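Each remark here refers to the structure printed beneath this line.
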Amino acid sequence: MPHAVSASSTSPRAIWSLTWPQMLMMYVQFFTGFTTVWTAGRISADLQAALGMIAQCGLFFMVLCMALSSGGMAAVSQSFGAGRMLRARRYVAASIGGTALLGCCMAVVCSAFGASFLRLVQTPEPILPLALDLWDVAMLTLPFQYLYASSGVMFRALRQVLPPLWVAALVCLATLLGCLGFGLGLLGLPAFGAQGIIWTQCGAQVLGALANILLLRRSGLLRADALPSLYWLRAGLPYLLKVALPAGAAQIVWQTGYLMLFVLVASLPFGSVHALAGLTAGLRIEALLFMPGMAFNMSVAVLVGNCLGAGDKARAKRVALQMVGVAALVMSLVAAALWPFRQELAALLSHEAETQANIVSYLTYNLLSTPFSIASTVMGGVMTGAGATRYNLMVYGGTFWLVRLPLGWLLGHHLWGTASGVFCAMLVSQCLQTCIMFYVLLRRDWARFAMRAAHDGRRA
């Protein structure tokens, strides 16, 4: 049985044991994404921008997986906290089976509308043929991305945080070797350029999905005796869907918003390709801060779910506040350490002066937003663990669509005329979003959405 931590423990040692592997995993995943962007930058800014558009579209198409995984995270962590291991294993099987089916369906639909979708999101004409070449492979990869992501969430929901870390390291190594070899022609391998990079990403995702599924089966979490019956599904699925539907809507609103953000940058009056490449590269550097924030997000979701599964609302709120404070402080210190090196980081990802200038601009605003963005990210994890995903939908969706995008359009296209206006709008919306989420955490009864608070889950 893989390493696990007691379901009842929220001691500093237990929190650290749960968080550090996830934080390390986030950095490994950051390096995996960084590798592809860096490799593309060695080839051309056009390829870097095209990969950025494909990656953002891919994140949008992952919304169903993220939604079902959110429901699975809440249901499994609460069942684990309540000591209901059979119920937890059945939710694991239901979540992974559901994501596999959804991934295949989504890939088939998206493959048929690639050209239309890329034009809809205002992909610049100079990079459209290249983006279309990458699209089919990206859609072939999508079902495996669904499986890889959802299976990793199930491990973490049960506090088994080391298996997904080892698998992420394996995926990272495969990506690095493939990009250097088949992308740039190093290591004695033939250089295929863009095709080498995108097929490397596909192979790495397949490897990660298969490794996670085999480890789940070996650990006893995904075996035939845990497969849910139709009777169980009628009793157990309503709660999963109750959490997943608002989570899915929140992901659709959020990812559609980010696509629109790419549209705002891609449709700037001047220098749109360099601005798009700068946004793509800037997002990768920002991941140095955001990915550890997601580790705290996932840890607090598990801890809050365990506490509420055990019926301890006071401890759930106490752990939530502690995790928000620690995460915001630690990652703000990291942002302060990165601040003097913005230009050097930009030069590392691009040789072109215009792209470098956009990367520096992006980092300026987003490093300033670190305390707010990290705190908001962790509070989103609190709501996921509690099953209160409707708050994520309302707060994240509202600030993105009512503040970030309108303000980005006003500043970027009319008042400033540069991508800096869009980046400034991101800072403003993050500040507002965090303030609202903190009010929800302190003043609203988000614990009432937990399974035990709702119906104790006895039928499941």
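Centre-to-centre separation between the Cα atoms of segment 101-142 and those of segment 381-433: 26 Å.
Relative to its residue count, segment 147-271 spans a Cα convex hull of 163 Å³ per residue. Residue-wise HN-Hα couplings along segment 422-427, as the Karplus relation 6.51 cos²θ - 1.76 cosθ + 1.60 with θ = phi - 60° gives them from phi, are 5, 5, 5, 4, 5, 4 Hz; Gly and Pro carry x. Label sites at Leu321 and Arg42, each approximated as a point 7 angstrom past Cα along Cα to Cβ, lie 5.0 nm apart.
Between the helical axis of 162-178 and the dominant principal axis of the chain, each derived from Cα atoms, what acute angle in degrees is found, rounded to the nearest 10? Once rounded, the angle reads 20 degrees. Each Cα pair under 8 Å and six or more residues apart adds its separation to the average, and for the chain the resulting relative contact order is 23 percent.
Packing around the peptides 201-208, 115-122, taken as the average count of other Cβ atoms within 10 Å per residue, puts them in this order, highest first: 201-208, 115-122. Taking the C-alpha atoms only, the angle from helix 370-386 to the longest principal axis of the chain is near 30 degrees. Panel order for Trp20, Trp409, by other beta carbons found within 10 Å of each beta carbon, from fewest to most: Trp20, Trp409. In terms of other Cβ atoms within 10 Å, Tyr148, Tyr91, Tyr239 run from fewest to most in the order Tyr239, Tyr148, Tyr91.
Dipole check for the chain: with +1 at the C-beta of Lys and Arg, -1 at the C-beta of Asp and Glu, and the Cα centre as origin, the magnitude is about 2220 Debye.
Classify segment 197-255 as rounded, prolate or oblate from the Cα gyration tensor: take a ≥ b ≥ c as the square roots of its eigenvalues, call it rounded if a/c is under 1.5, otherwise prolate when a/b beats b/c and oblate if not. Taking the square roots of the gyration eigenvalues as a ≥ b ≥ c, segment 197-255 is oblate.
Shape summary of the chain, radius of gyration then Dmax from alpha carbon positions: 21.2, 62 Å. Rounded to 0.05, the FRET efficiency of the Ala337 and Cys431 pair, given R0 = 30 Å and the Cβ-Cβ distance, is 0.90. Go ahead and run the numbers for FRET between Ala191 and Arg217, Cβ-Cβ distance against an R0 of 56 Å, rounding to 0.05. Once rounded, the FRET efficiency stands at 0.90.
Taking other Cβ atoms within 10 Å as a rough exposure proxy, His413, His274 sort from fewest to most as His413, His274.
Which shape class, rounded, prolate or oblate, goes with segment 123-200 when its Cα gyration tensor gives a ≥ b ≥ c as root eigenvalues, a/c under 1.5 marks rounded, and past that a/b bigger than b/c marks prolate? Judged from the Cα gyration tensor, segment 123-200 comes out oblate (a/c at least 1.5, b/c at or above a/b).
A simple spin-label model places the labels of Leu442 and Ala115 5.5 nm from each other, with each point 7 Å out along Cα-to-Cβ.
Adding -39500 (n - 2.57) for every DSSP H run of four residues or longer, then dividing by how many residues the chain holds, sets the calculated 222 nm ellipticity at -27000 deg cm²/dmol. The angle between the Cα long axis of helix 353-368 and the longest principal axis of the Cα atoms of the chain comes to about 30 degrees, rounded to the nearest 10.
Readers should treat all values here as calculations from the given coordinates under stated rules, not as data from a laboratory. Bear in mind the structure is a predicted one, so any value in this text is a computation, not a measurement. No Cβ is skipped: glycine too gets one built from the backbone with ideal geometry, and neighbour counts run over all protein chains shown.
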